[in-house]
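Enquirer: First the structure, then my questions, so here it is.
No lab work stands behind these numbers, since they all come straight from the coordinates. Given the structure is predicted, the values throughout are model-derived calculations rather than measurements. Positions of Cβ are generated from backbone atoms using ideal geometry, with glycine treated the same way; all protein chains shown enter the neighbour counts.
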């Protein structure tokens, strides 16, 4: 048995027949889904993480690079909102991953991601607020 | 690219193992970009910004080190038609992302 298999927390779990304790607790009993669906679920999770990181990067950028454009409170407020959203997205991504994995195992319909309409609305509001602030500052 | 690992070739025409590996690489890149922004933040907020920068780097390194194993597992999973899901990787990455944004919030609020 290759001893490096379990060393990194980010490498895959054992691919033998016995599921790991975390999986037994995390997933309801059911059938193993098609491995392609498990991989697709993982890729979707990674896409959401990258989206979360983009919000975090946006929060940092607003805070660090708009010193002269906005008053302090606006700048900090925007940065906090973006960073909070990034945090929520990262957590939501993991929750979504578990729910989808369970749905696949128990042959149920996949859960609708609640985050999509929320992000759309928040992004539209943020863009509108930004436009307003810039228009008022001119 | 180097030769594929022995015994891990698969028949999936959808190239799922490759696409999943690429997805991890893109995530690692996103982490590196975010880390460099934190470093730029150090100009404004000082050394406290170095902590999230280091966390980003550490997670990127962990992802990089586990890439080969991950690809081998995915290939074997396709070939054997079953694969274990990977809650440890998912949990670690989600927790790391949450920590990074929390550190960022901390810097904004007290900086």
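Enquirer: Relative contact order of chain B, please, whole-number percent, based on alpha carbon pairs below 8 angstrom and at least 6 residues apart.
Expert: Contact order relative to length: 35 percent.
Enquirer: Given a Förster radius of 22 Å and the C-beta distance between residue A:123 and residue B:82 as r, what FRET efficiency does 1/(1 + (r/R0)^6) yield to the nearest 0.05?
Expert: E(calc), rounded to 0.05, equals 0.05.
Enquirer: Let me know the shape class of the protein assembly as shown, please: from the alpha-carbon gyration tensor, a ≥ b ≥ c as square roots of the eigenvalues, rounded when a/c is under 1.5, otherwise prolate if a/b is greater than b/c, or oblate.
Expert: prolate
Enquirer: Want the number for residue B:48 to residue B:19: 0.36 nm per residue separation, take away the alpha-carbon distance, what's left?
Expert: Values: separation 29, 0.36 × 29 = 10.44 nm, distance 3.64 nm.
Taking 0.36 nm per residue and subtracting the Cα distance, the gain is 6.8 nm.
Enquirer: Additional query: What's the FRET efficiency of residue A:29 with residue B:9 using the Cβ-Cβ distance as r and R₀ = 41 Å, to the nearest 0.05?
Expert: That pair, residue A:29 with residue B:9, gives E of 0.80.
Enquirer: At residue B:40 and residue B:95, where each label point lies 7 Å from the Cα along Cα→Cβ, what is the point-to-point distance in nanometres?
Expert: 3.1 nm
Enquirer: Could you check the spin-label model distance between residue A:131 and residue A:61? Points 7 Å from the Cα along Cα→Cβ, value in nm.
Expert: It works out to 1.9 nm between the two label points.
Enquirer: What is the distance in Å between the Cα centres of region B:27-88 and region A:23-52?
Expert: When both Cα centres are located, 18 Å separates them.
Enquirer: Treat each spin label as a single point 7 Å out from the Cα along the C-beta direction, and report the residue B:26 to residue A:68 distance in nm.
Expert: It is 3.7 nm.
Enquirer: Is region A:31-137 best put as rounded, prolate or oblate by its Cα gyration tensor, with a ≥ b ≥ c the root eigenvalues, rounded for a/c under 1.5, and otherwise prolate when a/b is larger than b/c, oblate when not?
Expert: prolate
Enquirer: Arrange B:82, B:73 by Cβ neighbour counts within 10 Å, fewest through most, would you? Before the final figure, lay out the partial values.
Expert: Numbers: B:82 16, B:73 24.
Listing B:82, B:73 from fewest to most nearby Cβ atoms yields B:82, B:73.
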